[in-house]
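Please treat every number below as a calculation from the coordinates, not as lab data. As the structure is a computational prediction, the values presented were derived from the model and not from experiment. A quick note on method: Cβ atoms are made from the backbone with ideal geometry, for glycine too, and the neighbour counts reach across all protein chains shown.
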């Protein structure tokens with residue numbers, strides 16, 4: 001054989017693939033899907049009300065000069081129930097929160113709000129998850145910080161816990 | 001007691017494997033006191049594994065819920081066949097199956113193999129036992145299938161409903177036999193390098209094993225593809241899912257190996273390359289097992305996501321592959337160059353086959369691992385069908401072009417002029433078909449057109465090797481080759497027709513309303529609830545009409561309990577020229593009484609699997625021929641002639 005190094009090539013390939021596999025096993029996986037929309041304007045949408053007595057939501061409602069939180073939730077989602085007290089705390093600290101209910105029914109949303117309180121100004125109903133997808137959100141709950149001009153400034157994935165409340169308030173203040 | 005018997009058998013089997021390995025090592029140093037023990041140890045090891053596996057099956061049969069594995073994967077209400085299938089429908093059980101097949105292959109070599117010299121045979125058994133030993137350790141130390149559960153639950157947890165399907169009863173074991181069967185080729189290759197016996201005799205000994213494993217892989221992949229087609233309800237038949245790729249890669253390597261081993265057996269050429277392919281084929285099998293069992297890549301098949309076990313399999317896989325390639329790097333230089341041949345020759349055709357198959361293998365491997373590499377560099381990417389289809393289709397078509405001509409060429413040297421009429425004929429068939437489709441059916445892509453054109457030409461070309469032969473005196477392997485190649489043509493025809501001419505309709509129907517797909521008029525007649533053993537479902541009754549004929553389809557949307565999961569059972573109406581495929585989904589939440597119905601007309605789609613089975617049948621015929629051939633005479637004659 002006139003190119004002896006060639007014989008070691010398979011071994012090198014094995015080593016490379018092995019290295020990749022070890023990396024894949026050892027390094028913790030980030031299973032969250034971060035929205036590509038952060039830093040961009042909200043997409044166009046106009047959602048009907050999710051329940052009786054509370055108005056629906058369009059992107060223009062969010063671009064009226066005041067920074068807000070946009071909460072993506074659903075009455076059937078357990079972590080959404082868990083984060084309810086902290087949304088309440090955020091509201092008490094002065095944050096305005098709009099929401100989008102995903103694949104939900106009016107009576108279920110009403111029951112959810114009756115049980116956990118209503119921190120929301122407006123709630124749009126996204127029965128086909130179309131707006132959720134446009135926002136780059138891959139699950140419930142998620143919470144976006146939206147600037148007064150309708151720009152998405154920050155995406156919080158998963159339920160809001162006690163430690164996230166000051167951080168979200170800080171983000172809102174920065175957006176002023 | 002049964003569980004303990006199974007566990008004891010497993011430990012003893014591991015001891016037998018160790019004995020073989022030690023025997024093999026002494027053999028290397030030339031002493032060989034333990035050598036006579038290697039063969040009996042291989043047989044006993046196989047028998048013990050059968051005992052162990054049978055014990056586990058028995059535990060699932062009687063639903064012994066004091067065994068952890070049974071409790072977490074079975075349920076007293078489960079139909080019997082699925083209770084039994086539960087034996088291997090989980091991590092521990094499937095690994096036990098894996099190692100059992102591995103041991104049985106070892107026992108079969110010890111029992112049946114009489115063609116190679118004793119030294120290489122013993123070395124082969126030792127390598128086989130070495131591989132088995134790692135997986136015994138894996139089972140015993142980190143995946144004990146016989147672990148007890150105290151206290152025992154009363155019901156059991158159930159089995160992933162997607163897996164409660166008759167397809168499951170046979171798909172994984174078939175694939176495993178194929179995967180693990182390749183271990184024999186691996187062991188043969190390593191042993192032959194160690195004993196410096198890489199030559200035609202070794203190739204002839206290895207060939208039936210490769211062929212056998214390859215048949216199982218072919219059947220397993222074909223069945224898996226059909227299973228995914230009707231069970232997952234997505235209307236596709238191949239998804240380039242990492243685990244599908246993991247079964248395809250060993251198949252590609254095995255297919256290449258099957259061809260190159262023939263060259264080595266008949267012509268004593270391609271020595272190093274054949275060894276290389278044997279190593280790669282089994283490395284790919286282990287990689288497949290690793291991918292399924294570690295959950296490192298997201299996949300519908302990755303049932304047991306467990307990094308620790310993943311690391312264990314990875315370590316085993318890396319150890320065996322690295323050691324094998326180390327032996328390759330240091331020893332293959334001593335293997336002499338094989339016999340020379342010209343490019344236009346049977347060998348040349350097979351080299352082309354090998355190159356194209358290897359390129360496809362590389363494309364699939366890169367595509368499968370790329371997301372992992374990208375993640376290592378901080379990117380999140382998934383590689384999907386657009387890449388795989390675009391990258392593999394042209395190579396696969398080139399492979400078909402080579403296949404038109406390859407089998408009719410002579411060994412060593414041939415002249416294309418000798419075949420000019422055939423060449424013109426194939427070209428004419430392809431051109432005529434291609435132009436006809438392009439001209440009369442608008443909007444069909446280039447690959448489907450080429451696929452149809454080439455598959456028609458191949459359907460003719462496949463039979464050419466029989467020309468001028470006395471059929472009764474033609475060796476069975478030649479028939480096998482012809483049928484397998486014809487099967488490939490049939491399968492590619494199905495793939496091309498399906499991808500070029502499928503029609504799809506997605507619609508919401510209220511009972512009484514109709515939809516149209518291709519030439520079919522489909523009416524939603526009725527929707528009603530139905531109840532199964534461990535599920536409830538809504539079932540749509542669809543009346544499909546075409547040309548005055550009427551057929552009924554009943555797709556279901558099933559809700560399983562324990563564990564809770566929803567699946568859709570597609571309804572298929574099979575005609576000779578295609579399938580009508582119907583899926584029904586639960587209605588919208590704010591429903592207006594309409595049901596979502598998805599309809600496909602897939603022309604000639606069944607040809608895909610029918611062709612795949614023909615390929616396997618061809619392999620089986622060839623295997624019969626190899627097994628029942630009088631061992632010496634024909635091979636020696638053929639060899640002497642050239």
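For chain A, take the longest principal axis of its alpha carbons; what is the angle in degrees between that and the long axis of helix A:9-26, to the nearest 10 within 0 to 90?
That helix lies at roughly 30 degrees to the long axis.
Tilt of helix A:106-116 relative to the longest C-alpha principal axis of chain A, in degrees (0 to 90, nearest 10)?
The angle comes out near 90 degrees.
In a Gaussian network model over chain A where Cα atoms closer than 10 Å are linked, find which of A:16, A:112, A:120 has the largest mean-square fluctuation.
Of A:16, A:112, A:120, the Gaussian network model singles out A:16 as fluctuating most.
Which of the peptides B:243-249, A:20-26 is most tightly packed, and how do the rest follow, going by the mean number of other Cβ atoms within 10 Å of each residue? Mind dumping the intermediate values first?
Details: B:243-249: 23.9, A:20-26: 17.0.
Peptide ranking by packing, descending: B:243-249, A:20-26.
Is there a simple number for the mean count of other chain Cβ atoms within 10 Å of the Cβ of residues in A:8-20, and what is it? Mind dumping the intermediate values first?
Working: counts 5, 3, 11, 8, 2, 6, 12, 4, 2, 9, 7, 3, 7.
The per-residue average across the peptide is 6.
Between residue B:514 and residue B:77, take the C-beta separation as r, use R0 = 41 Å, and let me know the FRET efficiency to the nearest 0.05. If you can, show how the numbers build up before the last one.
Values: r = 39 Å, r/R0 = 0.95.
FRET efficiency, residue B:514 to residue B:77: 0.60.
How tilted is helix A:164-174 with respect to the longest principal axis of chain A? Cα atoms for both, answer in degrees (0 to 90, nearest 10).
The helix A:164-174 is inclined about 80 degrees to chain A.
Assign one of three labels to chain B, namely rounded, prolate or oblate, based on the Cα gyration tensor with a ≥ b ≥ c the square roots of its eigenvalues; rounded applies when a/c is under 1.5, prolate when it is not and a/b is larger than b/c, and oblate otherwise.
Working: a/c = 2.09, a/b = 1.13, b/c = 1.85.
Oblate, since a/c reaches 1.5 and b/c is not below a/b.
Pairs of Cα atoms under 8 Å, at least six residues apart: use those to get the relative contact order of chain A, whole percent.
Working: 311 pairs, mean separation 52.6, N = 176.
Once normalised by length, the contact order is 30 percent.
If I model a spin label at residue B:424 and residue A:92 as a point 7 Å from the Cα along the Cα→Cβ vector, what separation in nanometres do I get?
Taking the simple label geometry, residue B:424 and residue A:92 are separated by 9.3 nm.
What is chain A by shape, rounded, prolate or oblate, if you read a ≥ b ≥ c off the alpha carbon gyration tensor as root eigenvalues and call it rounded for a/c under 1.5, prolate for a/b larger than b/c, and oblate otherwise?
Values: a/c = 2.56, a/b = 2.40, b/c = 1.07.
Prolate, since a/c reaches 1.5 and a/b exceeds b/c.
When you look at the Cβ of every residue in B:327-337, what mean number of other chain Cβ atoms sits within 10 Å? It would help to have the intermediate numbers written out before the result.
Values: counts 0, 4, 9, 2, 1, 3, 3, 1, 1, 0, 1.
Mean shielding by partner chains, rounded to a whole number: 2.
What order, most packed first, do the peptides B:221-229, B:74-82 have when packing is the mean number of other Cβ atoms within 10 Å of each residue?
Numbers: B:221-229: 21.6, B:74-82: 17.3.
Answer by packing, highest mean first, reads B:221-229, B:74-82.
So what are the radius of gyration and Dmax for the Cα set of the protein assembly as shown, in Å?
Rg, Dmax (Cα atoms, Å): 30.4, 95.
Going by the alpha-carbon gyration tensor, a ≥ b ≥ c the square roots of its eigenvalues, is segment A:89-135 rounded (a/c under 1.5) or, if a/c is not under 1.5, prolate (a/b greater than b/c) versus oblate?
Values: a/c = 3.28, a/b = 1.33, b/c = 2.47.
Verdict is oblate for segment A:89-135.
Want the number for residue B:410 to residue B:376: 0.36 nm per residue separation, take away the alpha-carbon distance, what's left? Show your work: numbers first, answer last.
Working: separation 34, 0.36 × 34 = 12.24 nm, distance 4.92 nm.
Fully extending the segment from residue B:410 to residue B:376 adds 7.3 nm.
I need the peptides B:474-480, B:567-573 ranked by packing, meaning the mean over residues of other C-beta atoms within 10 angstrom, with the highest value on top.
Numbers: B:474-480: 17.7, B:567-573: 19.3.
Top to bottom by mean Cβ count within 10 Å: B:567-573, B:474-480.
With N set to the number of residues, divide the alpha-carbon radius of gyration of segment B:509-603 by 2.2 N^0.38 Å and report two decimals.
Details: Rg = 13.7 Å, N = 95, 2.2 N^0.38 = 12.4 Å.
Against the empirical 2.2 N^0.38 Å value, I get 1.11 for segment B:509-603.
Given a Förster distance of 45 angstrom, what is the FRET efficiency for residue B:362 paired with residue B:546, based on the Cβ-Cβ distance and rounded to 0.05? Mind showing how you got there, number by number?
Details: r = 44 Å, r/R0 = 0.98.
With a Förster radius of 45 Å, E is 0.50.
When the label point is put 7 Å from the Cα of residue A:114 along its Cα-to-beta-carbon vector, which residues of segment A:51-78 have a backbone N closer than 13 Å?
Residues A:52 qualify, since their backbone N sits under 13 Å from the label point.
Can you give the average number of partner chain beta-carbon atoms within 10 Å of each beta-carbon in peptide B:364-373, as a whole number? Walk me through the numbers before you get to the answer.
Working: counts 0, 2, 0, 0, 0, 5, 1, 1, 5, 6.
That average works out to 2.
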